[in-house]
Amino acid sequence: LFKSPTIEKVAHSLVTETPAAGEEERSKGPGLVLLKRAVNLEPDTDRNIFFIHEGYGEVGGYNEFCSALPDRYNCWGIRAYWAEGVAPTELSIRKIAGDYAERIKAIQPREPYQIIGWCIGGTLAFEIVNILEQEGKTIRFFAMMDAPPPKPSRAAGVKNFSLATELK
């Protein structure tokens with residue numbers, strides 16, 4: 001819808017656009033969105049840029065930015081999906097970032113990686129880079145925009161959130 005904002009353009013793209021080999025399955029992975037397809041480039045190349053969702057969990061805010069990038073990059077958005085259930089879930093930045101790092105490696109098995117995060121996505125992107133570097137992976141480019149700084153004093157009194165703590 002972002003690339004084809006009218007009914008006519010959506011219908012045309014459904015008829016004329018076909019995904020590259022293997023790309024259809026990858027773009028259907030949990031929370032993965034192909035924001036921009038590179039011209040004449042395979043999906044598992046090192047010319048991917050990964051955009052981590054903002055505070056609302058969506059990646060649509062990156063569309064205009066991606067459209068301004070050269071056509072030699074695949075632009076992948078990683079959307080939040082942890083809020084799909086209604087039961088409380090124990091989450092941490094480290095756990096979410098670990099999951100996102102695995103998604104990135106599934107799309108691009110080999111390094112170097114390029115990762116961008118905005119808002120809470122910047123904090124997540126920082127932790128993703130930390131995880132990948134601990135694995136010995138190379139990061140070609142990393143950017144975090146308008147990300148909240150860590151506040152250890154605020155975290156000191158916070159208790160873990162779970163179904164058990166909510167029932168007390």
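Below are the figures for this structure:
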| quantity | calculated |
| --- | --- |
| Residue list for the range 112-167, restricted to those being outside any helix (DSSP H, G or I), at pLDDT 95 or above and among the small types (Gly, Ala, Ser) | 117, 136, 143 |
| Qualifying residue in the range 46-66 (condition: part of a helix (DSSP H, G or I), hydrophobic (A, V, I, L, M, F, W, C) and either open to solvent by 50 Å² or more (accessible area, probe 1.4 Å) or modelled with pLDDT of 90 or more (or both)) | yes |
| Cross-chain or 6+ apart pairs with Cβ under 7 Å, the range 47-64 first and charged (D, E, K, R), then open to solvent by less than 40 Å² (accessible area, probe 1.4 Å) | 47/38; 47/73; 47/74; 54/121 |
| Any chance residue 90 is modelled with pLDDT of 90 or more and either open to solvent by 80 Å² or more (accessible area, probe 1.4 Å) or more than 20 Å from residue 105 (Cβ to Cβ) (or both) | no |
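The values are calculated or read from the model by the stated rules, or taken from the named source; none is laboratory data. For clarity, every value in this text was computed on a predicted model and none was experimentally measured. Cβ: placed from backbone, ideal geometry, glycine included. Neighbour counts: every protein chain shown. To get the accessible areas, we keep the full protein, side chains included, count just its heavy atoms, and leave off ligands, DNA and RNA. Shrake-Rupley method; radii C 1.70, N 1.55, O 1.52, S 1.80 Å.
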